[in-house]
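The values are calculated or read from the model by the stated rules, or taken from the named source; none is laboratory data. Computed from a predicted model, the values in this text were never measured in an experiment. Every residue, glycine as well, gets a Cβ built from its backbone with ideal geometry; the counts of neighbours run over all protein chains shown. For accessibility, only protein heavy atoms count, side chains too; no ligands or nucleic acids. Shrake-Rupley method; radii C 1.70, N 1.55, O 1.52, S 1.80 Å.
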Amino acid sequence: MQTPSNIPDRTPSPSPHGESPARAFTLRALVLGVIVTTIINLWLHHAELTLSGRGHSAISNTSIPLGAFDVLFALAAVNLLVGFAAPSLRLRRGELITIYTMSAVSTVLSSSGGLHFLLPALTSPFFFATRENRWAELFHPYIPDWMAVKDRNALTGFYYGNREVDWGAWLAPLASWLGFLTVFAFSTLCLSLILRRLWVDNEKLPFPTVTLPLELTREGVPLFRNRLFWAGLALTLGLQVLNTLSWNIPQVPSLNTRGIRLENWQLSPPWDSIASTQLSVFGFAVGIGYLLSTEVAFSCWFFFLITRAEIVWGKMSGWSLGAAQGALSAFPWIGHQGAGAYLGITLALLWMGRRYFASVWRCAIGRPPKGFEDEARVYRFALAGFAASLAAMAAFCIAGGIQPRTAVVFLLLTLTYLIAATRTRAETGNVWPTGPDVDAYSLMYTVAGTRIFSPADLTVLLFVRSATAAQDFRGACMPHQLDALKMGPEGGLRVGQVALALMLATVLGVVISAIIVVTLFTHLGAVARIDAWRGLAGLRAFDAASTLMHTPRDPDPAGTAAVGFGMLTVFALMAARVQWVWWPFHPLGYAMANTPPMNSAWVSMLVAWAAKVIIVRTGGMRLYRQALPFFLGLIAGDFLGGGSTTLAAILFGTNAYPANW
């Protein structure tokens with residue numbers, strides 16, 4: 001993770017193999033990008049809000065968004081046929097990249113961690129308020145009229161369904177929060193513009209999540225002519241179809257490779273403490289793992305097993321019993337270690353890249369080097385945009401009643417987490433891009449306790465937490481924004497063109513998506529026919545906040561120490577990698593191991609690591625490259641199978657075997 005400190009002395013240019021910027025960035029691509037985004041949002045919301053009892057694949061919640069990928073695959077196939085029949089009508093590579101990145105960035109804001117958490121939060125404090133829970137006293141005085149839905153008829157429709165939407169009651173809260181969500185997405189785009197050259201051009205990070213989408217945009221799609229690709233695709237697609245058939249026709253045998261837990265076997269103490277550990281294999285996760293360096297893949301599963309050993313030791317020694325601060329604040333404090341690791345990653349990157357950032361600043365405010373004028377304009381725009389968006393978000397929070405210091409600390413902590421999540425994604429693929437259990441909100445009262453926060457802080461931060469995806473980074477678009485900036489030049493797109501397309505998709509996408517979500521909730525009912533985990537997300541959040549208000553917490557020294565331990569561990573692992581080239585333990589693997597998704601992904605990482613080591617040692621990099629299409633096929637087959645069976649479940653009322661959870 002060494003960070004070059006200088007800025008190259010040439011302005012960035014599109015790939016020499018790509019189209020010219022004028023031919024790559026077209027109105028046709030922008031219109032198609034918005035249309036595709038709308039279609040995926042319809043697909044996503046119907047799948048994730050209505051199919052909970054019948055199974056579905058998550059349409060946007062994996063590091064390569066399933067919905068955007070499936071549409072790109074279909075467009076690539078259709079584009080081949082159009083190229084034969086009417087070559088002048090085929091989509092150029094830059095146009096395919098524009099459509100894919102617009103839909104990927106926009107649709108992640110719609111699902112878990114995004115609108116599926118935010119909109120229930122806007123309704124819960126008033127709908128679920130009762131005399132017994134005293135929410136009217138605890139929360140209502142601190143919620144401005146423009147921040148939540150208070151109309152009883154609108155709330156009844158949202159939760160019980162069979163009503164028409166009262167858009168008058170929704171207008172002010174939706175306008176307020178969609179505006180905040182857009183500004184937050186703009187702030188992360190500005191950060192991505194600042195980091196792009198450092199991570200893409202200087203450090204040349206692998207960005208494993210763009211490898212397959214870029215292959216599908218190549219002229220003639222050479223990947224489609226590779227038999228190993230189709231073999232890998234047939235394997236995971238076949239498993240997906242077989243297991244879906246088994247779910248619908250019990251007489252059909254199944255071959256389940258996921259959801260297998262140690263609790264399926266009778267475990268005696270202390271091993272029963274890790275009964276929730278999964279032994280699942282996901283084809284797409286194996287494919288992504290093959291694209292990683294062996295050090296990263298090894299570190300992911302190795303450090304995860306270390307966390308299991310810590311849990312077993314805690315049970316044996318009794319250290320994990322009698323925690324006074326709740327389930328998270330108990331040995332081995334995995335969520336706290338993960339929080340410290342994420343903070344440590346960002347702090348280390350800022351320190352190691354300090355000369356680069358100083359050069360960015362000088363380039364933006366001074367006279368740029370010759371030939372670097374375009375990049376200087378990007379830096380000026382990004383720095384000014386980030387400062388303005390941060391100020392706007394802080395002002396929004398303060399207007400909502402949050403203390404200024406609380407608002408600024410929360411926003412900076414959330415962005416710090418997101419930078420680490422984006423870096424982790426760029427090097428590990430981060431199969432399910434969620435963060436540690438201890439998010440910025442939890443970290444603040446872990447370190448400082450709850451007494452320094454006003455009731456308005458604890459109340460309004462629940463809304464802001466949902467709007468910033470602080471609970472669940474699957475709803476954050478920054479990793480996808482940086483992916484887009486990596487992909488754009490390969491199709492002849494300039495950085496500014498990519499940024500414009502992403503913001504257009506974000507603004508239109510969140511508005512269209514919010515209309516779809518509110519309509520679905522009001523027609524079906526959050527407590528009637530909507531998936532309960534999403535429909536009751538706001539209830540869970542305010543229940544937890546109610547507990548904090550009724551039972552204030554003191555600072556948690558043990559949890560805070562665990563955060564410090566996680567941070568120091570990252571620093572030590574980074575220093576060791578700088579000192580010793582052979583050092584096999586990667587700090588990003590440690591960070592990943594202390595987040596919930598690794599419980600599902602660790603076996604896949606182990607399989608991918610073992611396969612890559614065997615292949616490289618047997619035939620070197622030549623054999624690795626020859627085998628690569630097979631592993632790309634594993635990704636494609638899982639996503640195509642999951643998307644098609646989920647679509648069939650929506651249209652025909654069947655069951656669907658989940659591809660990615």
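Among the residues of the stretch 516-550, count how many are among the aromatic types (Phe, Trp, Tyr) and open to solvent by 20 Å² or more (accessible area, probe 1.4 Å). Working first, answer last.
Of the stretch 516-550, the ones among the aromatic types (Phe, Trp, Tyr) are 521, 533, 542.
Narrowing further to those that are open to solvent by 20 Å² or more (accessible area, probe 1.4 Å): 533.
The total comes to 1.
Total residues in the stretch 271-314 satisfying the condition of being open to solvent by 30 Å² or more (accessible area, probe 1.4 Å) and in a helix (DSSP H, G or I): the figure is 15. Checking Thr211, Thr188, Thr182 one by one, the residue that is in a helix (DSSP H, G or I), touching a residue at least 60 places away in the same chain (Cβ under 8 Å) and open to solvent by less than 10 Å² (accessible area, probe 1.4 Å) is Thr188 and no other. Of all residues in the stretch 491-515, those that are open to solvent by 10 Å² or more (accessible area, probe 1.4 Å), assigned to a helix (DSSP H, G or I) and more than 15 Å from Ala104 (Cβ to Cβ) total 8.
Out of Ala394, Ala339, I need the residue that is touching an Asp or Glu at 6+ places or on another chain (Cβ under 8 Å), open to solvent by less than 30 Å² (accessible area, probe 1.4 Å) and within 28 Å of Leu443 (Cβ to Cβ). Which one? If you could, list the steps in order and put the result at the bottom.
On the way: Ala394 fails: touching an Asp or Glu at 6+ places or on another chain (Cβ under 8 Å).
From the options Ala394, Ala339, the qualifying one is Ala339.
Considering only residues in the stretch 22-34 that are open to solvent by 10 Å² or more (accessible area, probe 1.4 Å) and in contact (Cβ under 8 Å) with a residue 24 or more places away in the chain, the one that is farthest from the chain's Cα centre (by Cα) turns out to be Arg23. Count of the stretch 344-370 residues, restricted to those that are touching a Leu at 6+ places or on another chain (Cβ under 8 Å) and either modelled with pLDDT of 90 or more or assigned to a loop (DSSP other than H, G, I, E, B) (or both), is 7. Hey, any hits in the stretch 41-53 for a residue that's assigned to a loop (DSSP other than H, G, I, E, B), crowded, with 17+ Cβ neighbours inside 10 Å and modelled with pLDDT under 90? Yes, because at least one residue in the stretch 41-53 is assigned to a loop (DSSP other than H, G, I, E, B), crowded, with 17+ Cβ neighbours inside 10 Å and modelled with pLDDT under 90. Within the stretch 110-149, the residues that satisfy the criterion of being open to solvent by 10 Å² or more (accessible area, probe 1.4 Å) and part of a loop (DSSP other than H, G, I, E, B) are Phe128, Ala129, Thr130, Arg131, Glu132, Asn133, Arg134, Pro144, Asp145, Trp146. Evaluating Ala399 against the criteria (1) at positive phi; (2) surrounded by fewer than 17 Cβ atoms within 10 Å (Cβ to Cβ) leaves one unmet condition, (1).
Looking at the stretch 35-70 only, could you name the residues that are hydrophobic (A, V, I, L, M, F, W, C) and within 16 Å of the chain's Cα centre (by Cα)? Once the filter is applied, which keeps residues that are hydrophobic (A, V, I, L, M, F, W, C) and within 16 Å of the chain's Cα centre (by Cα), the stretch 35-70 yields Leu44, Ala58, Ile59, Ile64, Leu66, Ala68, Phe69.
Yes or no, residue by residue, for (1) of a type outside the set (Gly, Ala, Ser); (2) open to solvent by less than 10 Å² (accessible area, probe 1.4 Å); (3) in contact with a Ser or Thr (Cβ under 7 Å, 6 or more places away or on another chain); (4) in a loop (DSSP other than H, G, I, E, B):
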site: Glu427; (1), (2), (3), (4): yes, no, no, no
site: Thr434; (1), (2), (3), (4): yes, no, yes, yes
site: Phe453; (1), (2), (3), (4): yes, no, yes, yes
site: Asp457; (1), (2), (3), (4): yes, yes, yes, no
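Among all residues of the stretch 592-610, there is at least one that is open to solvent by 50 Å² or more (accessible area, probe 1.4 Å), assigned to a loop (DSSP other than H, G, I, E, B) and touching a residue at least 12 places away in the same chain (Cβ under 8 Å). Going through (1) within 24 Å of Asp145 (Cα to Cα); (2) out of contact with any Ser or Thr (no Cβ under 6 Å at 6 or more places or on another chain) one by one, Thr98 falls short only on (1). Would you check if there is a residue in the stretch 544-560 being closer than 30 Å to Arg54 by Cα and part of a helix (DSSP H, G or I)? Within the stretch 544-560, one or more residues are closer than 30 Å to Arg54 by Cα and part of a helix (DSSP H, G or I). Scan the stretch 258-267 and give yes if some residue there is open to solvent by 70 Å² or more (accessible area, probe 1.4 Å) and assigned to a loop (DSSP other than H, G, I, E, B), otherwise no. Scanning the stretch 258-267, I find at least one residue that is open to solvent by 70 Å² or more (accessible area, probe 1.4 Å) and assigned to a loop (DSSP other than H, G, I, E, B), so the answer is yes.
The single condition among (1) farther than 19 Å from Thr38 by Cβ; (2) open to solvent by 10 Å² or more (accessible area, probe 1.4 Å); (3) of a type in the set (Ser, Thr, Tyr) that Tyr100 does not meet is (1). State whether the residues of the stretch 568-576 include one that is at pLDDT 95 or above, open to solvent by less than 40 Å² (accessible area, probe 1.4 Å) and within 22 Å of the chain's Cα centre (by Cα). Yes, the stretch 568-576 contains at least one residue that is at pLDDT 95 or above, open to solvent by less than 40 Å² (accessible area, probe 1.4 Å) and within 22 Å of the chain's Cα centre (by Cα). Within the stretch 64-73, does at least one residue satisfy the condition of being surrounded by fewer than 22 Cβ atoms within 10 Å (Cβ to Cβ) and either modelled with pLDDT under 90 or within 18 Å of Ile39 (Cα to Cα) (or both)? Yes, some residue in the stretch 64-73 is surrounded by fewer than 22 Cβ atoms within 10 Å (Cβ to Cβ) and either modelled with pLDDT under 90 or within 18 Å of Ile39 (Cα to Cα) (or both).
Please verify whether Arg367 is of a type in the set (D, E, K, R) and surrounded by fewer than 23 Cβ atoms within 10 Å (Cβ to Cβ), treating the condition exactly as stated.
On the way: of a type in the set (D, E, K, R): yes; surrounded by fewer than 23 Cβ atoms within 10 Å (Cβ to Cβ): yes.
Yes: the conditions hold for Arg367.
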